[in-house]
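Colleague: Got a structure for you, written out below as structure tokens; questions coming shortly.
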Protein chains: 2
Amino acid sequence: MARWEPNARGRLEDAALDLFTERGYDKTTIAEIAQRAGLTERTFFRHFADKREVLFSGSAHLHDVLVGAVAEAPADAPPLTVVATALERVGSLFEERRSYARRRQAAINANGELLERELVKLAGLAEALDAALRARGTAEGPASVAAETGIALFRSAFTSWIAADDTAGLSEHIRAAFTSLHSLAVASSAK
Amino acid sequence: MARWEPNARGRLEDAALDLFTERGYDKTTIAEIAQRAGLTERTFFRHFADKREVLFSGSAHLHDVLVGAVAEAPADAPPLTVVATALERVGSLFEERRSYARRRQAAINANGELLERELVKLAGLAEALDAALRARGTAEGPASVAAETGIALFRSAFTSWIAADDTAGLSEHIRAAFTSLHSLAVASSAK
DNA sequence: CGTCTTGATGTCAGGGACTGACATCGCCTA
DNA sequence: TAGGCGATGTCAGTCCCTGACATCAAGACG
């Protein structure tokens, strides 16, 4: 239990997910998480802003990848296509990690507070998408709609990927969601 | 300060919004809210599950209206059209209340926890929309996409309505958002 | 080799959200 | 008019989270 064991943050994350899985989020105290990681409750709060955040440190990375992908898209690509491509790139980060994603998502789905935090993170991604689109010249209205719509589809695709037992990757589920939207939009226009 | 003053719940809501506006959400304690309403902290928690919830009791009503509107839509209407119509009906509930909506939204936007809660409420509406669509025969995938997309557009429209200084109602902003989506989808298909 | 700086960690005290258990009050009904 | 009963009050306690200050290990530097 020496003071300077490496990777304190990672140890806290692992301990937290383990405990949340074992006995549930609200029956786990921060003192317990810290203890399992060989640390103190106070130290937990130096690494994470609050108890929920311990499951969401990865979202900053997604954020960066998403913004980068939008910036690199061809200048003449339409907004929704740019969004779709960027989200597929993000989706590819999850390949090979479906079982971890399931574990984490199960913990999140089992608790309202964690669900709240996840939605906030997704909304943050939507805002970043919006800003990235406008930075490349997309008008305000379309950028906002494309960003919000894209994240909505991402959520839908992520859920179906988690639930599915197939060999398709998250990226493919994302592509399918966008295809589905096109059909709906066309059907609605034709009405 | 008699015990049985009427409308305890409403008094708590008013006191809370006033205090949040005056001094901010996290500098307001529940004891203060309760005191201004002539009640006790413990009673606050009998009316609201937590501190955030005091600003969101109206969302249950939106939920009902939304589900009702979907159920009443013509059987042959395409999903996204049903969603648009239902959201416009919800939008009409807000006419005449833009100034209250602004006050409340300002308080929410000023605080991360309240933003979280709002997102959760919207996600709940999306889920309800999804279920209502499937109840009338829409297939699972399209129902989910239409519901998520619809709520995304609602958010976008609500924001622009709050910000706008025009005479257009929320319903009209919603209609505009759906029109915008159609354009985007067509442009993306044509790519 | 010893000291100093620095960042991560520990310790302590305390406020505020939230809960469970139990008491009290006022309206309603038999 | 005595209960029944729902809404409120009181009290004690747990846990989340924070600020202030002390301590420790590692590298910098003389």
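The values are calculated or read from the model by the stated rules, or taken from the named source; none is laboratory data. Nothing here was measured: the structure is a model prediction, and the numbers come from that model. We place every Cβ from the backbone using ideal geometry, glycine too, and count neighbours over all the protein chains shown. When the accessible area is computed, the model is the full protein with side chains, heavy atoms only, and any ligands, DNA or RNA have been set aside. Shrake-Rupley method; radii C 1.70, N 1.55, O 1.52, S 1.80 Å.
Colleague: Shape call for the range B:64-144 from the C-alpha gyration tensor, a ≥ b ≥ c root eigenvalues: rounded (a/c under 1.5), prolate (a/b greater than b/c) or oblate?
Modeller: Values: a/c = 3.52, a/b = 1.75, b/c = 2.01.
Oblate.
Colleague: Then there's this: Enter the mean number of other protein chain beta carbons within 10 Å of the beta carbon of each residue in A:142-155, as an integer. Walk me through the intermediate numbers first.
Modeller: Details: counts 5, 1, 9, 12, 6, 2, 10, 10, 2, 2, 12, 5, 1, 5.
Across the residues of A:142-155, the mean count of other-chain Cβ atoms within 10 Å is 6.
Colleague: With θ set to phi - 60° and the Karplus curve 6.51 cos²θ - 1.76 cosθ + 1.60, what are the ³J(HN,Hα) couplings of the range A:153-166 in order, to the nearest whole Hz, using x for Gly and Pro?
Modeller: Calculated HN-Hα couplings, in order: 5, 4, 4, 4, 5, 4, 4, 6, 5, 4, 6, 6, 10, 8 Hz.
Colleague: Ignoring ligands, DNA and RNA, please state the percent of accessible area on the range A:8-51 from carbon and sulfur, probe 1.4 Å. Working shown, then result.
Modeller: On the way: 1050 of 2340 Å².
Carbon and sulfur atoms account for 45 percent of the accessible area of the range A:8-51.
Colleague: I've got another one for you. For chain A, what is the charge dipole size about the Cα centre, in debye to the nearest 20, if Lys and Arg each add +1 at the Cβ and Asp and Glu each add -1 at the Cβ?
Modeller: Dipole magnitude for chain A comes out near 320 debye.
Colleague: Using the Karplus curve 6.51 cos²θ - 1.76 cosθ + 1.60 with θ = phi - 60°, work out ³J(HN,Hα) for each residue of the range A:78-87 in order, rounded to whole Hz, and write x for Gly and Pro.
Modeller: Per residue, the Karplus-derived 3J(HN,Hα) values read x, x, 5, 5, 4, 4, 4, 5, 4, 5 Hz.
Colleague: In Å², what does the accessible area per residue of chain B work out to with a 1.4 Å probe?
Modeller: Details: 9440 Å² over 191 residues.
Ligands and nucleic acids excluded, the figure is 49 Å² per residue.
Colleague: Distances from B:Arg136 to the same position in the other copies: list them in nm, one decimal, shortest first, using label points 7 Å from Cα along Cα→Cβ.
Modeller: 3.7
Colleague: Could you report the buried accessible area between B and A, both sides summed, computed with a 1.4 Å probe and given in Å² to the nearest 100?
Modeller: Using a 1.4 Å probe, the pair buries roughly 2600 Å².
Colleague: From the Cα gyration tensor of the range B:8-51, with a ≥ b ≥ c the square roots of its eigenvalues, which class applies: rounded if a/c is under 1.5, or else prolate if a/b is larger than b/c, or else oblate?
Modeller: Numbers: a/c = 1.72, a/b = 1.48, b/c = 1.16.
Prolate.
Colleague: If we hang a label 7 Å off Cα along the beta carbon direction at A:Arg103, how far is it from the matching labels on the other copies, in nm, shortest first?
Modeller: 5.0
Colleague: Pop out the carbon and sulfur fraction of the accessible area of the range B:80-188 as a percent, whole number, probe 1.4 Å.
Modeller: Details: 2400 of 4530 Å².
Solvent-exposed carbon and sulfur of the range B:80-188 make up 53 percent of the total.
Colleague: Residues of the range B:166-181 losing 20 Å² or more of accessible area relative to the isolated chain, 1.4 Å probe, heavy atoms only?
Modeller: Those residues are B:Ser180, B:Leu181.
Colleague: Between the range B:156-172 and the range B:1-62, what is the C-alpha centre distance in whole Å?
Modeller: For the range B:156-172 versus the range B:1-62, the Cα centre distance is 28 Å.
Colleague: Over the protein assembly as shown, how many percent of alpha carbon pairs lie in each 20 Å bin up to the one with the longest distance?
Modeller: 25, 55, 19, 0
Colleague: On to the next question. For label points placed 7 Å from Cα toward Cβ, what is the shortest-first list of nm distances from B:Ala60 to its copies?
Modeller: 4.0
Colleague: To continue, here is another question. Over the Cα atoms of chain B, what is the Rg over Rh ratio if Rh follows Kirkwood?
Modeller: Details: Rg = 19.0 Å, Rh = 18.2 Å.
Answer for chain B: 1.04.
Colleague: Given a 1.4 Å probe, show me the residues in the range B:70-88 buried by at least 30 Å² of accessible surface when comparing the whole protein assembly to the chain alone.
Modeller: Listed in order, they are B:Pro78, B:Leu80, B:Thr81.
Colleague: Can you compute the helix-only [θ] at 222 nm over chain B? Use -39500 (n - 2.57) per DSSP H run of at least 4 residues, normalise by all residues, nearest 500 deg cm²/dmol.
Modeller: Result for chain B: -24000 deg cm²/dmol, rounded to the nearest 500.
Colleague: Would you be so kind as to list the residues of the range B:111-129 that have their accessible area lowered by at least 50 Å² in the full protein complex compared with their chain by itself (1.4 Å probe)?
Modeller: Listed in order, they are B:Glu116, B:Leu119.
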